[in-house]
1. Tell me, yes or no, whether the stretch 105-126 has at least one residue that is over 23 Å from CYS147 (Cα atoms) and in contact (Cβ under 8 Å) with a residue 24 or more places away in the chain.
2. Among the residues in the stretch 75-91, are any at pLDDT below 95, under 14 Å from the mean Cα position of the chain (by Cα) and of a type in the set (Val, Ile, Thr)?
3. Given the structure, is ILE64 closer than 28 Å to ILE145 by Cα, among the hydrophobic types (A, V, I, L, M, F, W, C) and at pLDDT below 95?
4. When the residues of the stretch 114-148 are filtered to those that are closer than 22 Å to ALA52 by Cα and aromatic (Phe, Trp, Tyr), which remaining residue is nearest to the chain's Cα centre (by Cα)?
5. Within the stretch 95-145, considering only strands (runs of 3 or more DSSP E) that don't extend past its boundaries, which have at least 1 residues that are buried (at least 19 other Cβ atoms within 10 Å of the Cβ) and charged (D, E, K, R)?
6. Determine, yes or no, whether PRO85 is crowded, with 20+ Cβ neighbours inside 10 Å and over 24 Å from GLU50 (Cβ atoms).
7. Does GLN48 meet the test of being in a loop (DSSP other than H, G, I, E, B) and either at pLDDT 95 or above or more than 14 Å from the chain's Cα centre (by Cα) (or both)?
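The values are calculated or read from the model by the stated rules, or taken from the named source; none is laboratory data. Predicted model, so just to flag it, every value in this text is computed and none were measured. We place every Cβ from the backbone using ideal geometry, glycine too, and count neighbours over all the protein chains shown.
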Amino acid sequence: MFKWTKGNLEMYKPMFFYALLALLIGCFSGCLSQPFTDMANNNFTSIQEELAPTEIQGLWTGSIAHALVTYKINADGSGIQCMSPTITSSPLAKIKYMDGKIFSQGGTKLMIKSEKNAILTLVSPYFDGSTFRFYKDDGLEKAAIECKKALSELNTAIQ
């Protein structure tokens, strides 16, 4: 019969460490690989946007991780994403709606779960499948200051 002693415990410590390390690497590589794969194989330019359902058209603001994000979804399925704070020089990025998903020009996507009572619920296909709530914000009252300014200037330039 095997008996744990201080001597054999010391002997097995490296094996436990490497087994735990292998488990963590396996989990992280599986959990983290999808967004990086989507970004590396970015097919944004080949995505053909489709008409967005009336109930999701307009401006929506919500939080994703550390950022306040505003989506402007046009009737034709095109749109703009504004994120603040951002690590890029511009908070703006193009988006496209297709097959119930919002695709970002960076290569990532969010799935539209529902729209009810002026709340748009989006689900991430990455990591733990986080759910994000976006609130109808046609007046940009909920948007980050930087996004309110950028989207207002963009609307003025288009008109």
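1. yes
2. Yes: one or more hits.
3. Details: closer than 28 Å to ILE145 by Cα: yes; among the hydrophobic types (A, V, I, L, M, F, W, C): yes; at pLDDT below 95: yes.
Criteria met by ILE64.
4. Among them, the one singled out is PHE132.
5. Numbers: elements: 101-104, 109-116, 119-123, 131-136.
Filter on the stretch 95-145 gives 109-116.
6. When the stated conditions are applied, PRO85 does not pass them.
7. Details: in a loop (DSSP other than H, G, I, E, B): yes; either at pLDDT 95 or above or more than 14 Å from the chain's Cα centre (by Cα) (or both): yes.
Considered against the rule, which asks whether it is in a loop (DSSP other than H, G, I, E, B) and either at pLDDT 95 or above or more than 14 Å from the chain's Cα centre (by Cα) (or both), GLN48 comes out as yes.
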